[in-house]
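Please see the structure below; I have some questions.
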Amino acid sequence: LFRMVIPTPQIFDYDQCLTYFTRSDQEVLFRVINKTISRVINIHEQPVLFEITFDESSGLVVSFPLTEPSKQIREMVKSYIIEWFDLHTTLDEFYSVVKKEPVFARLIQEQYGSRMIRVTDIFEAISW
């Protein structure tokens with residue numbers, strides 16, 4: 001079982017992300033079981049299965065349960081996950097500005113660490 005770790009930003013809450021991922025039991029593009037997200041994506045016309053869990057000390061832990069992918073495939077999956085979880089977006093400035101607004105104070109506390117989970121392809125957008 002091959003694994004890789006994708007570091008997460010300081011402002012990141014995996015459980016908040018899981019709220020999005022578990023919003024419907026009719027989801028067909030990924031599965032969540034025991035806080036593990038399983039997904040298949042096509043890379044070069046080949047299906048690639050990966051699973052994502054979270055480790056507080058290191059970040060997103062990505063495993064490939066069927067085969068050890070090539071370095072190129074691993075990098076493509078890594079890029080996909082970074083985009084999917086919106087990990088490049090820095091929320092520090094947003095939080096520093098918004099926390100000064102009383103209207104948003106409760107929302108910030110309730111949703112702290114949420115990320116904008118992105119819809120990465122048109123088929124996914126249309127199917128929802």
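The values are calculated or read from the model by the stated rules, or taken from the named source; none is laboratory data. Just so it is clear, the structure is predicted and the values come from calculations on it, not from any experiment. All Cβ positions, glycine included, derive from the backbone under ideal geometry; neighbour counts span all protein chains shown. Only protein heavy atoms, including side chains, enter the accessible area calculation; ligands, DNA and RNA are left aside. Shrake-Rupley method; radii C 1.70, N 1.55, O 1.52, S 1.80 Å.
Residue-by-condition table, conditions (1) of a type outside the set (A, V, I, L, M); (2) modelled with pLDDT of 95 or more; (3) more than 27 Å from TYR112 (Cα to Cα):
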{"residue": "ARG3", "(1), (2), (3)": "yes, yes, yes"}
{"residue": "GLN10", "(1), (2), (3)": "yes, no, no"}
{"residue": "TYR14", "(1), (2), (3)": "yes, yes, no"}
{"residue": "PHE50", "(1), (2), (3)": "yes, yes, no"}
{"residue": "GLN72", "(1), (2), (3)": "yes, yes, yes"}
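Sort out for me the strands (runs of 3 or more DSSP E) sitting completely within the stretch 24-128 that have 1 or more residues that are of a type outside the set (Gly, Ala, Ser) and open to solvent by 30 Å² or more (accessible area, probe 1.4 Å).
Passing ranges, in order: 30-33, 36-43, 46-55.
Which of the residues belonging to the stretch 13-23 are open to solvent by 30 Å² or more (accessible area, probe 1.4 Å) and either closer than 16 Å to THR89 by Cβ or among the polar types (S, T, N, Q) (or both)?
Those that are open to solvent by 30 Å² or more (accessible area, probe 1.4 Å) and either closer than 16 Å to THR89 by Cβ or among the polar types (S, T, N, Q) (or both): ASP13, GLN16, THR19, TYR20, THR22.
Please indicate, with yes or no, whether at least one residue in the stretch 20-35 is within 16 Å of GLU68 (Cα to Cα) and at pLDDT 95 or above.
Among the residues of the stretch 20-35, not one is within 16 Å of GLU68 (Cα to Cα) and at pLDDT 95 or above, which makes the answer no.
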